[in-house]
Amino acid sequence: MGEYALLYILFAPFAGALALIFVSNRQPLLVRSIATSAAFVSLIASLYLFYAYDPVKGGFQFIQKYEWSKQLGISLYLGVDGIGTPLVLASSILLFAGIFVSWHIKDRTKEFYIWLLILAAATIGVFMSLDLFFLYFFYEMSVIPMYLLLGMWGSHTKKYLEMTDAEGLKQRDSVGFIFNFGSNSKEYAAMKLVLFLSAFAVIALMGILLIYKYSGLNTFDILVLREQANLMNIPALGTTLDKIIWVLVFFGFASIAPLWPLHSWSPVGHAAAPAATSMLHAGVLMKLGHFSIIRVAFEILPETTRELMPIAAVLCMFSIIYGGFVAFYAKDTKYVIGYSSSSHMGYVFLGMAALNYISLSGAVIYMFAHAMATGMLFAMAGWVYDQTHTRDIPSLGGLSNKMPFISACFVVGCMASIGMPGTVNFIAEIMIIVGSWNKYPLQVIVAMLGIVLTLAYLFKMMRGLFYGPMNQKYSHAHDAISTVDRLPLLIMIAVSVGFGIFPMHLYDVVRSGVDPLVARITLVVPVAETGEGVGMRSKATPPEKTSVPQAAHTPISHTPRVSRGGRE
Amino acid sequence: MTFSLNMTFSDLLLLLPEILLTCWLCVVLIVDFSLPRLPKERLAYLSVAGLMAILGCLGWFDLNHISGTLFNNMFVLDRMAIFFKIFILGATILVILASIEYVNRFTFFRGEYYCLVVMAALGMMFMASANDLLSVFVSLEFATLGFYILVSYLRDDLASNEGGLKFFILGVFAAGLLAYGISLVYGETGKLVFSDMASTRATPGLIIGFLLIFASLGFKIGAVPFHAWIPDTYHGAPTPVTTFLSIAPKAAAFAILLRIFLVALGTFKPLWVSLLVAVSILSMTYGNIVAIAQRNIKRLLAYSGIAQVGNVLIGLAAGTKMGSDAVLFYLLAYLFANIGAFAVVIAVGQAIGRDEIEDYRGLNRRSPFLAFAMLLFLLSLAGVPPLAGFIGKLYIFVAAIKEGLYTLIAVGLINIVISMYYYLIVVKQMYINEPVDPSPIGISNPMKAVIYVGLAGTLVIGIYPQPFTDWVVSATLMFANFIGPSATVVPPSSPLGG
């Protein structure tokens, strides 16, 4: 029973979507209960998965393999390691929460839940695929539901996206502007999202096909390719093939992450999407990028990764700062959170770029933590929008009188997003910062500035929404009173704070996935580590030459306390 | 050359499907004449019943591996021929079912319509078996004859007449090219049967001859630069005929192309790869870019069809056993998606009376089933998982990348994104825009059956392709003799050329 956990997690939402096809829209309660139970099965199974995953044993567990196409060398090969497990859990938590967040959708309820379930199932599928084909299969499959969810249940972004600074001067996302055709409609946002993601997905597919061809193994099996594929030192186009493949795969998947300057589809998409979609989009869809880079580029091309990952280290600075500043000037609540997400994804790239045990574990935990934090924020922005039908921050205010519960939760959401101690974000952030310091001190300083920026724009938004004088137009707004409305927020807060206080299992699981990977990447040709002891004390950053992963098993729970001083 | 026709009764077994179909065609015709009061839809069901029986017979052939050649190698029945015959008959059945309602629009000759459709199918079945240049010519013209009439079946409709005329003039021109090409090839080699030509040397006359033959077949499949007739003809023809035209003749022509390129010209592969690469790139890019500007759904599907043919040509350009598998598989995926999409167009056109994309506004509110079906068909055409089109595209790309056709694959991948745009424009009309007239759209039962078959095919092939890949792999086994095993090792000096 237990070994089939992955199948339950993956196929419960699909089965729910299939069952929903046969239900009429005139029975909304039945529709919602089917969706809820499908998500619930998935959630329970992934909780089981998370706690049954054995971090001591490590490696890929709960493996399921079914041959799918002999001619092409494809099998439905599922399995999770310490990196996939928390992300699967995050996806199913957000799906479950998202179903409650969108409880009040009246228009075509059935279709909404069908597409939401398919979207979540597809993202979950990516996190557990051990076959390049299925990784791409699920990746591409998650794009079309986004189009329909945005287009059918989204909202026009109107004039909200115009930004002004303190003097009233117009600001704009100039990078986004390159691809911006000036439209504020949801159709535009949806189309931009699909075309952007598809365009970069096919770039990644090109990389995957090149891996397939040059490995000569006639298989898409990641584990086989990782062990046997020899892609090094093949000259091509004036450089070597492995570099070309790496760049194709990296930028193909980085667009969904979204790495600056490929981010412009993302905030627009967030702004147009309904709340539950934004939650899944920011919470897990964006992590598909990092995850796929880890799975494909890190696993199959470890040496090239070590050589080329500084690209990410450079671009992530722009991500962090740029996203932070745009978020500061933005007036649309979801736009702020959207840019904040794309800024925070820069931290993950920083953690990945530093390529050591602590920083990469931090990056993975950050993905999990950010899913919860941004999920909360989007859920609450969605609630405020449902009540007031505006997302324009300047026209809102003083809502804390009307919705004390929401505003209290919002404070928690902001705290989590900033990375206050006590939330899991704090642990993740500190690990990234500590782990990257030796290699990328400049980036770490930028990341700290990013934290200050986060503080600034989130507090600015909080003040704009909940405090100050109240606009009487919105006096009819009310709080989330019923269990259905409060449950999703409470779940996400509980997870965020719970893992913030008891991170050991999460940490062990992540470490068990990260350790062999980092060992592979850094061991192939040992790198002389000169920056030892430059900043943080060496206890937190084991020397990268350490060949036995177990030697790096320093309990991280001490680390935050040791290095707290570096944060403010 | 002497002809000696020693035929036994068991030889005729190879022709059994064609003989049965001819008999059935006569039966339908006689029933139509002798029972003038019979509702014409009964004729449709009668034809479908006969076709089903023949389909069963072909299935039996396939299971028992019946194969052989007839008439001095003019006619071959191998597993690939059986595959294409099943394909064509399946398409014919679906088209007949989809036309039952539409036929009421015709003022005259409603009964003959079904006979003509079956006749065209008969011609295409011969095309699937054509094994020398003469039988190619005869069967090709035989099949096209039926279509000349079918395209202009709406006698009072100017567009239909215009489409028919264009199709006819260009078709006859293509036939001329074909005949000239055949005469050149015969003059150079003295041979007509494909497998005999395999050993000949490339002379200028031979090359020109084959180029002419390729041009004429390119006309049939609608590849750029031989595509000029496609949009107007597809637009003007009665929609069920467009459906038929968009799938069956293309498949039959691909059967011939596969035999010509892989059997007759297998040794000249380095010469023709670049030709196919160029045609494929042109077709994909032109078809997809022009499709963006279309306002009429039939024209949109016409241009998308041009682009799809470009995709199939990638598999042919790979020129390997796997490439031919991919061609067959892609055609299978294309069959279900395309017939399904056209079936929705017929159903909507029947209710609204127009075929503009604008008319699909809010289709999701008027008929959720039609909108959902159309969504899946279009996404399958675009190549989105988990639908058949995605597996088809991937199969083709894998076959091509093994041969190192990087430029072609890059163009193909970019074209997926371009095509996504215009398919999604239709999706946007159906799902996002609100309907002007929210009255529900009804669907007749045969139409529902066609759409269900299309949906089932699109989803099953996409989710569990193994039986279908097995089928296409076994269908093209004989190519393994003519083309060596695929060149997996590419000279490392220039791996990113081509």
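The values are calculated or read from the model by the stated rules, or taken from the named source; none is laboratory data. Keep in mind it's a predicted model, so treat the numbers as computed, not measured. All Cβ positions, even for glycine, are placed from backbone atoms using ideal geometry, and neighbour counts span all protein chains on display. SASA here: full protein model, heavy atoms, side chains in, ligands and nucleic acids out. Shrake-Rupley method; radii C 1.70, N 1.55, O 1.52, S 1.80 Å.
For B:Pro435, the requirement of being open to solvent by 10 Å² or more (accessible area, probe 1.4 Å), away from every other protein chain (no Cβ under 11 Å), at pLDDT 85 or above and in contact with a Leu (Cβ under 6 Å, 6 or more places away or on another chain) is not met. In region A:390-466, counting only helices (runs of 4 or more DSSP H) that sit wholly within it, the ones holding 3 or more residues that are more than 24 Å from the chain's Cα centre (by Cα) span A:404-418, A:441-466. When we screen B:Val348, B:Val309 for residues that are within 16 Å of the chain's Cα centre (by Cα) and assigned by TED's automatic domain parsing to the domain that holds B:Gly287, the only hit is B:Val309.
Take the conditions assigned to a helix (DSSP H, G or I), within 14 Å of another protein chain (Cβ to nearest Cβ) and surrounded by 24 or more Cβ atoms within 10 Å (Cβ to Cβ) and apply them to B:Gly315. Does it pass? Yes, satisfied.
Give region B:381-402 a look and list any residue that's of a type in the set (A, V, I, L, M) and either at the interface with another protein chain (Cβ under 7 Å from one of its Cβ atoms) or assigned to a helix (DSSP H, G or I) (or both), or say none. Matches in region B:381-402: B:Leu381, B:Ala382, B:Val384, B:Ala388, B:Ile391, B:Leu394, B:Ile396, B:Val398, B:Ala399, B:Ala400, B:Ile401. Taking each residue of region A:382-411 that is of a type in the set (Ser, Thr, Tyr) and looking for partners that are in a loop (DSSP other than H, G, I, E, B) and open to solvent by 20 Å² or more (accessible area, probe 1.4 Å) with beta-carbon atoms closer than 8 Å, six or more apart or interchain, yields A:Ser395/A:Asn471; A:Ser400/A:Tyr467; A:Ser407/A:Ser400. Please go through region A:235-248 and give me each residue that is surrounded by 24 or more Cβ atoms within 10 Å (Cβ to Cβ) and within 14 Å of chain B (Cβ to nearest Cβ), ordered by number. Of everything in region A:235-248, those that are surrounded by 24 or more Cβ atoms within 10 Å (Cβ to Cβ) and within 14 Å of chain B (Cβ to nearest Cβ) turn out to be A:Asp242, A:Ile245.
Name the residues in region B:32-57 that are touching a Leu at 6+ places or on another chain (Cβ under 8 Å), at pLDDT 90 or above and aliphatic (A, V, I, L, M), would you? Result: B:Val48, B:Leu51, B:Ala53, B:Ile54, B:Leu55. Among the candidates A:Glu532, A:Glu544, single out the residue that is surrounded by fewer than 20 Cβ atoms within 10 Å (Cβ to Cβ) and at pLDDT below 80. Only one candidate passes the filter, namely A:Glu532. Here B:Ile292 clears all of (1) buried (at least 24 other Cβ atoms within 10 Å of the Cβ); (2) within 14 Å of another protein chain (Cβ to nearest Cβ) except the condition numbered (1).
Output yes when any residue across region A:87-94 is assigned to a helix (DSSP H, G or I), over 19 Å from A:Met492 (Cβ atoms), in contact with a helix residue (DSSP H, G or I) (Cβ under 7 Å, 6 or more places away or on another chain) and more than 14 Å from chain B (Cβ to nearest Cβ), and no when none is.
no
Hey, any hits in region A:170-191 for a residue that's assigned to a helix (DSSP H, G or I), at pLDDT 85 or above and more than 9 Å from chain B (Cβ to nearest Cβ)? No: region A:170-191 contains no residue that is assigned to a helix (DSSP H, G or I), at pLDDT 85 or above and more than 9 Å from chain B (Cβ to nearest Cβ).
When the residues of region A:1-54 are filtered to those that are over 23 Å from the mean Cα position of the chain (by Cα) and outside any helix (DSSP H, G or I), which remaining residue is surrounded by the most Cβ atoms within 10 Å (Cβ to Cβ)? Among those that are over 23 Å from the mean Cα position of the chain (by Cα) and outside any helix (DSSP H, G or I), it is A:Val23. In this entry, A:Val56 passes the filter for residues that are of a type in the set (Val, Ile, Thr) and either within 19 Å of A:His505 (Cβ to Cβ) or at pLDDT below 85 (or both). Considering region B:168-207, and only residues there that are assigned to a helix (DSSP H, G or I) and among the charged types (D, E, K, R), the residue that is most open to solvent (accessible area, probe 1.4 Å) turns out to be B:Glu188.
Residues in region A:106-144 that are outside any helix (DSSP H, G or I) and surrounded by 24 or more Cβ atoms within 10 Å (Cβ to Cβ) were compared, and the one that is farthest from the other protein chains (Cβ to nearest Cβ) is A:Leu130.
Taking B:Phe108 as the residue in question, decide whether it is of a type in the set (Phe, Trp, Tyr), open to solvent by 50 Å² or more (accessible area, probe 1.4 Å) and part of a loop (DSSP other than H, G, I, E, B). Considered against the rule, which asks whether it is of a type in the set (Phe, Trp, Tyr), open to solvent by 50 Å² or more (accessible area, probe 1.4 Å) and part of a loop (DSSP other than H, G, I, E, B), B:Phe108 comes out as yes. How many of the residues making up region B:28-77 are open to solvent by less than 70 Å² (accessible area, probe 1.4 Å) and polar (S, T, N, Q)? The total comes to 3. Report the residue count in region A:303-317 for those that are open to solvent by 10 Å² or more (accessible area, probe 1.4 Å) and either of a type in the set (Gly, Ala, Ser) or modelled with pLDDT of 85 or more (or both). Total meeting the criteria: 6.
The residues of region B:269-288 that are of a type in the set (Phe, Trp, Tyr) and touching a Leu at 6+ places or on another chain (Cβ under 9 Å) amount to a single one, B:Trp272.
Counting residues in region A:338-347 that are out of contact with any Cys (no Cβ under 7 Å at 6 or more places or on another chain), part of a helix (DSSP H, G or I) and surrounded by fewer than 24 Cβ atoms within 10 Å (Cβ to Cβ) gives zero. Of all residues in region A:55-85, those that are acidic (Asp, Glu) and without any contact (Cβ under 8 Å) to a residue 24 or more places away in the chain total 1. On the stretch given as region B:445-481, residues that are part of a loop (DSSP other than H, G, I, E, B), open to solvent by 30 Å² or more (accessible area, probe 1.4 Å) and touching a residue at least 60 places away in the same chain (Cβ under 8 Å) total 2.
Every test in (1) modelled with pLDDT of 90 or more; (2) open to solvent by 20 Å² or more (accessible area, probe 1.4 Å); (3) hydroxyl-bearing (Ser, Thr, Tyr) is passed by B:Ser139 save one, and that test is (2).
Are any residues in region B:403-425 touching a Phe, Trp or Tyr at 6+ places or on another chain (Cβ under 8 Å) and either at pLDDT below 90 or within 7 Å of chain A (Cβ to nearest Cβ) (or both), and if so, which ones? B:Ile409, B:Leu413, B:Leu424, listed by residue number.
Among the residues making up region A:200-234, those that are under 26 Å from the mean Cα position of the chain (by Cα), touching a residue at least 24 places away in the same chain (Cβ under 8 Å) and facing chain B (nearest Cβ under 8 Å) are A:Val202, A:Ile203, A:Leu205, A:Met206.
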